[in-house]
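Some notes on the structure that comes next.
The values are calculated or read from the model by the stated rules, or taken from the named source; none is laboratory data. Bear in mind the structure is a predicted one, so any value in this text is a computation, not a measurement. Here the Cβ positions follow ideal geometry from the backbone for every residue, glycine too, while neighbour counts run over all protein chains shown. SASA here: full protein model, heavy atoms, side chains in, ligands and nucleic acids out. Shrake-Rupley method; radii C 1.70, N 1.55, O 1.52, S 1.80 Å.
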Amino acid sequence: LSHIIDISPLISSRMAVWPGDKAYTRTPALSIDAGDNIDLSAIHTTVHLGAHTDAPSHYLGGGEGIAARDLERYMGPAQVICVSTQQGARIQPEDLPVKVVAERVLFRTDSYPDPECFNEDFCSLSVALVHALAQSGVVLVGIDTPSIDPFSSETLPAHAAVATHDMGILEGIVLAHVADGLYDLVALPLRLEGADASPVRAVLVER
Ligand SMILES: [Zn+2]
């Protein structure tokens with residue numbers, strides 16, 4: 001039996017979203033407790049909720065929407081790498097303590113510890129790192145923070161670098177309980193027509 005490690009934060013109305021973005025709400029329409037025959041509810045929220053994957057259309061004019069993405073990026077061998085950079089820093093290629101050996105790399109920075117409390121000084125990726133990873137054949141980058149660019153960035157250079165290589169992006173994952181090493185990642189986006197991102201249930205399967 002394979003062991004599944006959940007790397008998705010719990011989605012609730014308490015979950016923090018990017019300042020100004022739409023927080024999660026779930027509204028019951030029918031309720032068994034209230035005498036209805038079923039429970040039925042609707043949700044309203046940003047598509048960049050919790051563990052999510054960005055579509056190119058989020059950061060690139062005319063870029064692919066999430067429903068058009070090739071799913072192979074979001075499933076397969078993945079390497080978890082813990083990096084100890086300063087709070088708020090962009091991770092540089094020389095910060096990696098190990099060699100990259102998988103096509104997907106998930107960075108554990110521990111710089112965004114509480115999904116229910118938005119902190120702005122989280123770590124992110126450098127452009128040099130994105131290019132170096134692409135050179136080694138990486139097709140997806142993931143991080144345990146709300147963005148691969150710093151909070152204050154408006155030009156989003158790491159997103160732009162990812163776009164030049166057509167890589168996948170996984171943001172908002174939780175890696176605090178995950179040891180460095182090799183796993184199989186499953187983090188499939190919903191097939192949301194035209195959407196600029198999708199929440200995912202991100203898991204690692206132990207080998
Ligand atoms: Zn993003």
Among the numbered conditions (1) in a helix (DSSP H, G or I); (2) farther than 24 Å from Val205 by Cα; (3) among the hydrophobic types (A, V, I, L, M, F, W, C), tell me where Leu133 comes up short.
(2)
Selection within region 1-21 - of a type in the set (A, V, I, L, M, F, W, C) and not in a loop (DSSP other than H, G, I, E, B)
Ile4, Ile5
Hey, among Leu192, Leu182, Leu129, which residue is crowded, with 17+ Cβ neighbours inside 10 Å and either touching a strand residue (DSSP E or B) at 6+ places or on another chain (Cβ under 7 Å) or not aliphatic (A, V, I, L, M) (or both)?
Leu129
Which condition number does Met75 fail, the rest of (1) among the hydrophobic types (A, V, I, L, M, F, W, C); (2) under 29 Å from Asp180 (Cβ atoms); (3) within 16 Å of the ligand (Cβ to nearest atom); (4) open to solvent by 20 Å² or more (accessible area, probe 1.4 Å) being met?
(3)
Counting only residues that are assigned to a strand (DSSP E or B) and polar (S, T, N, Q), which one in region 22-70 is most open to solvent (accessible area, probe 1.4 Å)?
Thr27
Please note which strands (runs of 3 or more DSSP E) are completely contained in region 146-202 and include at least 2 residues that are more than 16 Å from the chain's Cα centre (by Cα) and within 21 Å of Ser136 (Cβ to Cβ).
181-186
Would you confirm whether or not region 71-84 contains a residue that is more than 22 Å from Val141 (Cβ to Cβ) and in contact with a Phe, Trp or Tyr (Cβ under 7 Å, 6 or more places away or on another chain)?
no
Does region 1-16 hold any residues that are open to solvent by 80 Å² or more (accessible area, probe 1.4 Å) and touching a strand residue (DSSP E or B) at 6+ places or on another chain (Cβ under 8 Å), and which are they?
His3, Ile4, Ser13
Give region 49-59 a look and list any residue that's over 12 Å from Ile173 (Cβ atoms) and either within 10 Å of the ligand (Cβ to nearest atom) or at pLDDT below 95 (or both), or say none.
Asp54, Ala55, His58, Tyr59
Of the residues in region 116-145, those that are within 13 Å of the chain's Cα centre (by Cα) and within 18 Å of Ala197 (Cα to Cα) number 6
Name the single residue, out of those in region 136-152 being more than 10 Å from the ligand (Cβ to nearest atom) and touching a His at 6+ places or on another chain (Cβ under 9 Å), that is least open to solvent (accessible area, probe 1.4 Å).
Val138
Out of curiosity, is Pro19 buried (at least 18 other Cβ atoms within 10 Å of the Cβ), modelled with pLDDT of 95 or more and under 16 Å from Tyr112 (Cα atoms)?
no
Of all residues in region 153-179 being within 14 Å of the ligand (Cβ to nearest atom) and open to solvent by 10 Å² or more (accessible area, probe 1.4 Å), the one that is farthest from Gly61 (Cα to Cα)
Gly172
